[in-house]
1. Scan region A:436-481 residue by residue and report those that are within 14 Å of chain B (Cβ to nearest Cβ), over 30 Å from A:TYR99 (Cβ atoms) and outside any helix (DSSP H, G or I).
2. Among the residues of region A:463-491, which ones are hydrophobic (A, V, I, L, M, F, W, C) and surrounded by 15 or more Cβ atoms within 10 Å (Cβ to Cβ)?
3. Return the residues of region A:173-208 that are part of a strand (DSSP E or B) and open to solvent by less than 40 Å² (accessible area, probe 1.4 Å); say none if nothing qualifies.
4. From the set of residues in region B:92-111 that are within 14 Å of chain A (Cβ to nearest Cβ) and open to solvent by less than 50 Å² (accessible area, probe 1.4 Å), which is nearest to B:ILE29 (Cα to Cα)?
5. In region A:227-251, which residues are in contact with a Gly (Cβ under 6 Å, 6 or more places away or on another chain) and surrounded by fewer than 24 Cβ atoms within 10 Å (Cβ to Cβ)?
6. I'd like the residue in region B:64-74 that is open to solvent by 20 Å² or more (accessible area, probe 1.4 Å) and not in a strand (DSSP E or B) and, out of all such residues, is nearest to the other protein chains (Cβ to nearest Cβ).
7. When you go through (1) assigned to a loop (DSSP other than H, G, I, E, B); (2) out of contact with any His (no Cβ under 8 Å at 6 or more places or on another chain); (3) on the phi > 0 side of the Ramachandran plot one by one for A:GLY358, which number turns out not to apply?
8. Do we find a residue being open to solvent by less than 40 Å² (accessible area, probe 1.4 Å), of a type outside the set (A, V, I, L, M), away from every other protein chain (no Cβ under 14 Å) and touching an Asp or Glu at 6+ places or on another chain (Cβ under 6 Å) anywhere in region B:15-33?
Amino acid sequence: MSDDRPGSTDDEGSRPEQSRYDQARYVRNGRYEPLLIEKDSTRVEIGDDSPLPEELTRDDLELPAPSEPELVRHYTRLSQMIYGIDSGPYPLGSCTMKYNPKFTEDVAALPSGLVHPDRSDESIQGTLEVLARLQEYLGRIGGMDAVTLQPPAGAAGEFVGIRVATAYHEHNGEGHRDEVIVPESAHGTNFATAALGGYDVVSLPSDEKGRVNIEALEAALSENTAALMLTNPNTLGLFERDISEIAEMVHDAGGLLYYDGANLNALLGRARPGDMGFDVMHYNVHKTFATPHGGGGPGAGPVGVVEELAPYLPEPRVRESGGGYELFSPEHSIGHVHGYQGNWLVLLKAFAYIARLGDEGLTDSSAKAVLNANYLASQIEYDVPYGPFHHEFVASAGDQDAADVAKRMLDYGVHPPTTKWPEIVPEALMTEPTEIESKETLDQLAAGFNAVAKEDDEALEAAPERTTARRIDQTSAARNPRLSWHALEEK
Amino acid sequence: MSFDIPADRRYQESHEWTLETDGVVRVGITDFAQDELGDVVFVELPDEGDDVVRDEEFGVIESIKAVSDLYAPVSGEVVAVNEDLFDTPELVNDDPFGDGWMLEIEPAEEDELEALLTDEEYEDQIA
């Protein structure tokens, strides 16, 4: 093997692999740029040769130099000012705020997982095997024939799924199909995906029970239908019982059925989108497989498809070859949608989670997700108009303002649910406790709901009173944004 | 809740109002629209001299709740833009039919205003 790229393990040079790579990275314009820690200084001198305009540069930068305890206290204090999944229950419906098991962090921190993606296939067989096995796991969980791991987020996965559908239709001489049908209670990303994919969005009303209105679907389908995007269970937590009929109707019209994986955690080990007739789906690994929510950081939204759509998936994919693994490009691939093989460390965490739980553990997690939602709903005083639901439910705050209810719940030490959506339920409190909570925690959460349910508008409007920050003035924040600590000095 | 709907104007289903004075059409959004949007935080408008096309987007309005497109009620050339909205977008909330106006358009065709809703028709729409 011969490979002279940085970080290659088969290099015969005397330097250790890591330092050779580091050095390559910090040589810029032929000059070695030392790391800040190597400069042994808290002041950075900026040379005269900066390519930046003069008015945008400064002569030096005063960096704070706190002691270790000061630094630890600073970050500990910041972490105490906020509320996260590590602080208590976090029942944001639709978002699925699962606890991120720390063992997945340990796995992602293993030195053997930190290989440069430019290395040759031969030298990263272990990495490729993990990716291949994750493709296989996800395919099996979703009932899909082929999977791409490349999309860097759930919404990106949706976009890829719709691009694959477009490529499929065009390849079959059906490029005239210019409509995507989306139920009006769908996740906002579905509408955005269809529009960004160049389609006219046809909004589908729900029936009186909160499910797909079959008559309205019949009317919406035509020779222009490219796809129907659905999530199941739907946004109200209800299983679309007519899914087989829906699939048949969409397929008879020549359209494809898209599965939004946002609610897959309700079905794990019990039902598979592929078996229901879905042709393409994305997986939200942060929801279903407990990887950290992105917060703008790296995420992953793999896409699975049935066999007919596999040739259009993004490149590269991974496959077995001659007893090992290799990257390859599907025949009619829509191309790259992200760098390299996707966000590897996020995918590795999802792999670790699935491998650790196994079939039995995944099946158990969906049971507990559904049980917890149903137990919590039975303990709260707010009305839940639609059911029977699975892993989440939408209660109504009735005469109270759902946003005020949310603020007030913070005062009782628990995080509120998602509010005011879906609009099908007035003053919606969309609640998803997830499978991670114990009965004790669910009781604590229910006590928070019920304490707020008894309160009057005055108490609600004044909330929150016991949090680090009181009610945020959203209007001022938007009209007069202060985006740097310098703004604090302006007053 | 009742909203102001001045009788001297014509309205669009997408909640823009128009008022013609000496052949120039002034455009803004209605009281109902500003109430639905909530506090407006940003308004993006075309430049003077730009052409707008009836029923097509001419700008964007952003509130703390939503970002919405603004649709031109008539086709024509933009002859004035309310630049006060760039620094004080709250004028749209405080005075939607007055200081919160957005554009003045010199219509390319004469009778396009006729096709718009009367105050009574618009009232029925939002009822």
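The values are calculated or read from the model by the stated rules, or taken from the named source; none is laboratory data. Remember, predicted model here, so these are calculated numbers, not experimental data. All Cβ positions, even for glycine, are placed from backbone atoms using ideal geometry, and neighbour counts span all protein chains on display. Quick note on the areas: whole protein, heavy atoms, side chains included, nothing else; ligands and nucleic acids left out. Shrake-Rupley method; radii C 1.70, N 1.55, O 1.52, S 1.80 Å.
1. Listed by number, the residues that qualify are A:ASP473, A:ASN480, A:PRO481.
2. Residues satisfying the conditions are A:ALA463, A:ALA478.
3. A:VAL180, A:ILE181, A:VAL182, A:PRO183, A:VAL202, A:LEU204, A:SER206
4. B:VAL92
5. A:LEU238, A:ALA247
6. This residue is B:ILE64.
7. (1)
8. Checked against the condition, which is being open to solvent by less than 40 Å² (accessible area, probe 1.4 Å), of a type outside the set (A, V, I, L, M), away from every other protein chain (no Cβ under 14 Å) and touching an Asp or Glu at 6+ places or on another chain (Cβ under 6 Å), region B:15-33 yields at least one hit.
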